[in-house]
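Q: Here it is, the structure, as structure tokens.
The values are calculated or read from the model by the stated rules, or taken from the named source; none is laboratory data. Bear in mind that the values here come from a model prediction, so they are computed numbers and not experimental data. For neighbour counting, all protein chains shown are included, and Cβ atoms are generated from backbone atoms with ideal geometry for every residue, glycine included.
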Amino acid sequence: MAFLHCKFKSAALGAQTTVRLYLPCDQPGWAGREVRAVFTLLHGYTNDGDDWVHSSSALRMAADNGLALIIPDASNSFYCDMAAGPAWNTWLTQELPGQLDRILKLPRQREKNFLCGLSMGGYGALYIGMNHPERYAGIASFSGCLDLALMLQNREDPAVRRAFEPILGRELELSADRDLFRLAERVSCLSREEQPKILCTAGRQDHEPYYIIEQNRRFHSHAKDLPLADYTYLEWDGAHQWEFWDRSLSLAIDRFVNPGYGQTCRQAWSCKTSEEENK
């Protein structure tokens with residue numbers, strides 16, 4: 001394999017930032033071939049992209065499936081341009097693609113690009129993906145913070161202000177282009193061909209302190225009634241942990257690029273998803 005730990009200078013950030021790249025170049029038959037697909041993986045709050053490298057099975061799954069991985073950092077930005085901080089969304093959506101093109105020729109076709117994230121990164125995957133449906137054939141949230149309005153209900157809580165005031169400003173106003181409920185409505189108005197596939201997963205024991213399962217069920221209750229072309233929500237017994245996110249990534253690969261891959265990984269987990277329970 002080739003694993004690159006890159007430093008890029010960003011005008012939007014006014015600083016250097018790290019992006020990790022994985023290429024399956026040591027896999028049998030890979031020489032001279034284009035990668036099967038590109039998965040961009042987004043990290044969670046208070047963490048960085050190293051988590052995907054050191055705590056998950058992402059590199060092994062990428063090797064299994066001939067995938068390239070892009071794993072950027074985004075601090076605690078929720079992948080937004082911050083009211084009192086760097087313009088992370090501008091960096092990720094406008095600057096980074098061009099910088100990568102100059103050093104590495106990865107597939108840019110929509111049908112070969114997918115965006116996944118966990119927790120804060122789950123929000124980021126849907127936020128970026130639904131604002132740029134022309135770029136991604138599939139987007140996935142694992143234990144994502146999908147209902148920021150719910151998280152913002154207790155606006156006077158110091159922890160809420162500490163997390164969201166740098167992003168949204170003192171008024172903590174959630175604009176329509178950052179509200180995933182409104183973005184899902186907007187995407188549902190596109191033609192079926194223009195809509196990305198959407199996968200959301202959540203663990204049934206993922207409650208405190210951020211009510212992740214409640215957030216995901218609220219989003220699902222809204223999204224299931226929209227004319228979304230390919231939307232899937234799965235939940236099973238699990239918490240906010242890497243075992244859950246590894247399984248989620250295997251299911252995203254299954255649904256987006258390699259049908260059946262999730263089943264080949266199934267023996268590693270004892271509990272059934274909601275989809276399996278209903279069969």
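Q: Among the residues of region 137-164, write down those that are closer than 12 Å to C200 by Cβ and hydrophobic (A, V, I, L, M, F, W, C).
A: Scanning region 137-164 gives I139, A140, F142, C145, L146.
Q: A further question on this structure: Here are the criteria: (1) outside any helix (DSSP H, G or I); (2) in contact (Cβ under 8 Å) with a residue 40 or more places away in the chain. Tell me which single one Y127 does not satisfy.
A: (1)
Q: With respect to I167, is the statement that it is closer than 18 Å to G117 by Cβ and in a helix (DSSP H, G or I) true?
A: It is true that I167 is closer than 18 Å to G117 by Cβ and in a helix (DSSP H, G or I).
Q: Picking from L69, L106, L92, which residue would you name as being outside any helix (DSSP H, G or I), under 24 Å from W242 (Cβ atoms) and in contact (Cβ under 8 Å) with a residue 12 or more places away in the chain?
A: On the way: L106 fails: under 24 Å from W242 (Cβ atoms); L92 fails: outside any helix (DSSP H, G or I).
Residue meeting the stated conditions: L69.
Q: Since P97 meets every condition but one in (1) in contact with a Pro (Cβ under 8 Å, 6 or more places away or on another chain); (2) more than 28 Å from H240 (Cα to Cα); (3) of a type outside the set (V, I, T), which condition does it not meet?
A: Going through (1) in contact with a Pro (Cβ under 8 Å, 6 or more places away or on another chain); (2) more than 28 Å from H240 (Cα to Cα); (3) of a type outside the set (V, I, T) one by one, P97 breaks only (1).
Q: Could you run through region 186-233 and say how many residues are assigned to a strand (DSSP E or B) and either modelled with pLDDT under 95 or touching a Cys at 6+ places or on another chain (Cβ under 9 Å) (or both)?
A: 4
Q: Also, quick follow-up: Step by step: first the residues of region 80-109, then only those that are closer than 25 Å to V257 by Cα and surrounded by 14 or more Cβ atoms within 10 Å (Cβ to Cβ), then the one that is modelled with the lowest pLDDT. Which residue is that?
A: Only one residue tops the list, namely L104.
Q: Next question. With the checklist (1) in contact with a helix residue (DSSP H, G or I) (Cβ under 9 Å, 6 or more places away or on another chain); (2) crowded, with 18+ Cβ neighbours inside 10 Å; (3) of a type outside the set (D, E) in hand, flag the one item F256 doesn't pass.
A: For F256, the exception is condition (1).
Q: Name, by its number, the condition in (1) in a helix (DSSP H, G or I); (2) touching a residue at least 24 places away in the same chain (Cβ under 8 Å) that does not hold for L174.
A: (1)
Q: Something else now. Need the failing condition index for L226 against (1) surrounded by 16 or more Cβ atoms within 10 Å (Cβ to Cβ); (2) more than 21 Å from T40 (Cβ to Cβ); (3) among the aliphatic types (A, V, I, L, M), just the number.
A: (1)
Q: Testing H240 on (1) of a type outside the set (S, T, N, Q); (2) in contact (Cβ under 8 Å) with a residue 60 or more places away in the chain; (3) part of a loop (DSSP other than H, G, I, E, B); (4) touching a Lys or Arg at 6+ places or on another chain (Cβ under 9 Å), one condition comes back false. Which one is that?
A: (4)
Q: Among the numbered criteria (1) part of a loop (DSSP other than H, G, I, E, B); (2) at pLDDT below 95, which single criterion is violated by Q263?
A: (1)
Q: Across region 137-171, what is the number of residues that are in contact with a strand residue (DSSP E or B) (Cβ under 8 Å, 6 or more places away or on another chain) and buried (at least 24 other Cβ atoms within 10 Å of the Cβ)? Lay out the reasoning, then the answer.
A: The initial filter retains those residues of region 137-171 that are in contact with a strand residue (DSSP E or B) (Cβ under 8 Å, 6 or more places away or on another chain), namely 137-144, 146.
Subsequent filtering for residues that are buried (at least 24 other Cβ atoms within 10 Å of the Cβ) retains 138-144, 146.
Summing the residues that are in contact with a strand residue (DSSP E or B) (Cβ under 8 Å, 6 or more places away or on another chain) and buried (at least 24 other Cβ atoms within 10 Å of the Cβ) in region 137-171 gives 8.
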